[in-house]
Amino acid sequence: MVELKNPLYNTAAPSTQSIHTDAHLRVTSDVAVPISVSTTFDYDKTDVKGCNYGPDQRYVYARESQPVQAKVEATLSTLTEGYAVIYGSGLSAAFAVLIEHKPKKIAIGECYFGVKEVLKQYQRLVPGVQVVGTECSFDGMDLVWLESPVNPTGEVKDISSY
């Protein structure tokens with residue numbers, strides 16, 4: 001997760017922030033981070049103990065972090081005035097939501113089949129999790145999972161009707 005250290009945070013308009021929000025992360029003179037297709041990066045094994053950010057940033061493996069990911073996280077963190085974490089896949093993001101919020105009662109509607117598989121894994125890790133459909137009352141639910149458009153059919157749901 002990228003630290004929110006942008007000096008423009010309180011002075012620039014959101015459009016300017018979105019372009020320059022990662023200035024504290026830059027190690028080159030590029031205004032926009034070049035797209036990296038590398039999956040691994042050179043590093044000194046004795047020097048790297050984990051991902052870090054800023055002028056001394058060291059990337060090891062693209063699934064952990066890479067320059068474009070750092071820019072996106074810095075930009076979203078600045079624009080939302082919080083912290084942002086991006087994931088390499090929707091399923092890893094879905095699992096992170098479950099692990100972070102630890103819901104015990106979940107209502108889930110039509111969704112990508114992989115999300116339901118992730119939910120099954122979560123239920124194996126956290127016994128006693130109750131899962132119901134979205135046709136049930138949401139009273140007492142810890143999490144309601146809705147997708148629109150539904151993956152993979154593309155069907156658009158009226159989320160306000162829930």
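The values are calculated or read from the model by the stated rules, or taken from the named source; none is laboratory data. In this text, all values refer to a predicted model and were calculated from it rather than measured experimentally. In this analysis, Cβ positions are derived from the backbone assuming ideal geometry, glycine residues included, and neighbour counts consider all displayed protein chains. What goes into the accessible areas is simple: the full protein's heavy atoms, side chains included, and nothing from ligands, DNA or RNA. Shrake-Rupley method; radii C 1.70, N 1.55, O 1.52, S 1.80 Å.
Of the residues making up the range 108-142, those that are of a type in the set (A, V, I, L, M, F, W, C) and open to solvent by less than 70 Å² (accessible area, probe 1.4 Å) are 108, 111, 115, 118, 119, 126, 129, 131, 132, 136, 138, 141. Tallying residues that are buried (at least 18 other Cβ atoms within 10 Å of the Cβ), of a type outside the set (Asp, Glu) and under 9 Å from the mean Cα position of the chain (by Cα) within the range 66-92 yields 0.
Restricting to the range 76-96, name every residue that is within 24 Å of residue 111 (Cβ to Cβ) and among the aliphatic types (A, V, I, L, M). Passing the criteria: 76, 84, 85, 86, 91, 93, 94, 96. All conditions but one from (1) over 27 Å from residue 65 (Cβ atoms); (2) touching a residue at least 24 places away in the same chain (Cβ under 8 Å) apply to residue 95; the one that does not is (1).
With the structure loaded, tell me whether residue 105 is over 30 Å from residue 11 (Cα atoms), surrounded by 15 or more Cβ atoms within 10 Å (Cβ to Cβ) and among the basic types (Lys, Arg) or whether it fails that test. Here the answer is yes, as residue 105 does meet what is asked.
Of all residue pairs spaced 6 or more apart or on separate chains, those with beta-carbon atoms under 9 Å, a first member in the range 139-162 that is under 16 Å from residue 108 (Cβ atoms) and a second member that is polar (S, T, N, Q) and in a loop (DSSP other than H, G, I, E, B) are 144/134; 145/134; 146/134; 155/148; 157/148; 159/148; 162/134.
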